[in-house]
Amino acid sequence: MIELKNVSKTFTLHNQNSAVIEVLGNVNLTVAPGECVALTGSSGAGKSTLMRMIYGNYLSQSGVISIDGTDLVQAAPRDIIRLRREVLGYVSQFLRVVPRVPTLDVVAQPLRSLGVPAETAENRARDLLSRLNILPSLWSLSPTTFSGGEQQRVNIARGFAHNYPALLLDEPTASLDPTNREVVLTLIEEAKARKSAIIGIFHDEAARSRVCDREIDVSRFTPALAV
Ligand code: ADP
């Protein structure tokens with residue numbers, strides 16, 4: 001489902017004497033349907049960079065990033081948008097929303113954009129918001145004023161609204177209380193049971209060993225750190 005071949009990333013800092021930072025080289029990685037792979041490695045190793053490349057935010061200098069047969073390195077922007085709508089979900093660390101859109105609509109939106117009827121999409125959103133312990137009195141409000149933990153849970157609800165065949169998770173349990181952490185781990189286990197291919201960054205070691213089948217230490221792809 002997710003296949004990376006010979007992927008690399010270099011940043012050129014044009015405003016700093018064109019300094020070149022080689023962050024990743026020769027990344028090869030395959031994630032099968034139903035498998036969860038953790039990206040590990042020290043801070044600065046390139047975990048977030050690799051995640052952004054797999055989502056198509058950063059372009060790889062070389063190689064292939066194939067998601068369900070679409071190569072993100074070569075894909076046209078409209079193909080990347082279609083892939084993100086139908087196939088590839090991403091739960092980032094921070095919620096970004098259009099101001100004044102009610103929480104229920106924020107969570108239902110990924111399903112609405114797939115043509116799912118409003119009632120079905122809203123029922124799914126209600127179910128996820130209830131499971132993640134967001135009070136119903138908040139559902140008609142914009143999440144922009146919510147606490148950090150509430151925003152994170154709304155973000156997770158939105159990320160799990162559609163059953164994406166491939167899913168990227170950036171610290172999905174960070175700063176959650178034990179009850180909500182358990183809900184999120186169960187959502188991940190349910191996604192795996194539906195055969196989603198998952199790549200995640202988990203600083204929470206117990207969470208990582210519970211839901212992940214393998215760990216990939218990204219430092220091994222970091223030219224400056226390679227031994
Ligand atoms: P990690 O997630 O493993 O902590 P990152 O992927 O955030 O590591 O960063 C890896 C390296 O890439 C760091 O040295 C960081 O400074 C550099 N880097 C990340 N994003 C950029 C960027 N947009 N421009 C320049 N350098 C970047």
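Close amide H pairs (under 5 Å, H built 1.01 Å from N) link L39 with G200, I201, F202, I216, residues at least 5 positions away or on another chain.
Peptides 120-126, 105-111 ranked from most to least packed give 105-111, 120-126, packing being the mean of other C-beta atoms within 10 angstrom over each peptide's residues.
Taking a point 7 Å from the Cα of S43 along the Cα-to-Cβ direction, the residues of the stretch 80-112 with backbone N closer than 19 Å to it are 93-94.
Place a label point 7 angstrom from the Cα of T144 along the Cα-to-Cβ direction, then list the residues of the stretch 80-99 whose backbone nitrogen is under 18 Å away. The answer is 94-99, whose backbone nitrogens lie closer than 18 Å to the label point.
Calculated FRET efficiency, L13 and F94, Cβ-Cβ r, R0 25 Å, to nearest 0.05?
E between L13 and F94, to the nearest 0.05, is 0.55.
Ordering K9, K47 by the number of other Cβ atoms within 10 Å of each residue's own Cβ, fewest first, gives K9, K47. Using a cutoff of 8 angstrom between alpha carbon atoms and counting only pairs six or more residues apart, the relative contact order for the stretch 93-163 works out to 48 percent. Here is how the number arises for the chain: DSSP H runs of 4 or more residues each give -39500 (n - 2.57), the sum is divided by the residue count, and the result at 222 nm is -10500 deg cm²/dmol.
Derived scalar couplings between HN and Hα for the stretch 69-84 equal x, 9, 8, 5, 5, 9, 5, 6, x, 5, 6, 5, 5, 5, 4, 5 Hz in order, rounded to whole Hz, by the Karplus curve 6.51 cos²θ - 1.76 cosθ + 1.60 (θ = phi - 60°), x for Gly and Pro.
Here K9 is the anchor, and the lysines within straight C-alpha reach of less than 16 Å, apart from those fewer than 8 places off in the same chain, are K47. The value of relative contact order for the chain, using C-alpha pairs under 8 Å at least six residues apart, is 31 percent.
The distance from the alpha carbon centre of the stretch 83-141 to that of the stretch 164-227 is 21 Å, rounded to a whole number. Most simply put, the chain has about 50% antiparallel DSSP beta bridges, counting only bridges with both residues inside it.
For T186 and S137, what is the calculated FRET efficiency with R₀ set at 22 Å and r taken between the beta-carbons, to the nearest 0.05? Calculated value: 0.35. Rounded to the nearest 10 degrees, the inclination of helix 118-131 to the longest alpha-carbon principal axis of the chain is 80 degrees.
Here, each number is a calculation from the coordinates, and none is a lab measurement. The structure presented is a predicted model; accordingly, all values stated were derived computationally and were not measured. FYI the Cβ positions are ideal-geometry reconstructions off the backbone, even for glycines, and counts take in every protein chain you see.
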